[in-house]
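Chemist: To start, I am sharing the structure in question, which I have written as structure tokens.
The values are calculated or read from the model by the stated rules, or taken from the named source; none is laboratory data. Please read all numbers here as calculations on a predicted model, not as lab measurements. No Cβ is skipped: glycine too gets one built from the backbone with ideal geometry, and neighbour counts run over all protein chains shown.
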Amino acid sequence: MKDEKLNKTQAEQCNIHNVMPRFDSPKNWTEDYELENGNYICRCSLCKEYFYGYKRRVICKECAKEYNVNGA
């Protein structure tokens, strides 16, 4: 039974507020919002932060600009 309960750290990591990015975040790809698949929550493979963008994006807008990735 003890193993089934989440400890405090695990519960904090699972908290939806720790995952949901803000719509006004500079990490978001706001130009994707108008697309059918443009409002997905994605996780940046470089900084590991969450952002809104097209469902197949793997890098947030801030990291794309910083590393000069195409599309930024």
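Chemist: How many of the residues in the range 35-53 are surrounded by 18 or more Cβ atoms within 10 Å (Cβ to Cβ) and assigned to a loop (DSSP other than H, G, I, E, B)?
Modeler: 1
Chemist: Something else about it: Take the residues in the range 12-34 that are part of a helix (DSSP H, G or I) and out of contact with any strand residue (DSSP E or B) (no Cβ under 7 Å at 6 or more places or on another chain), then tell me which one is modelled with the lowest pLDDT.
Modeler: Across the range 12-34, the extreme among qualifying residues is I16.
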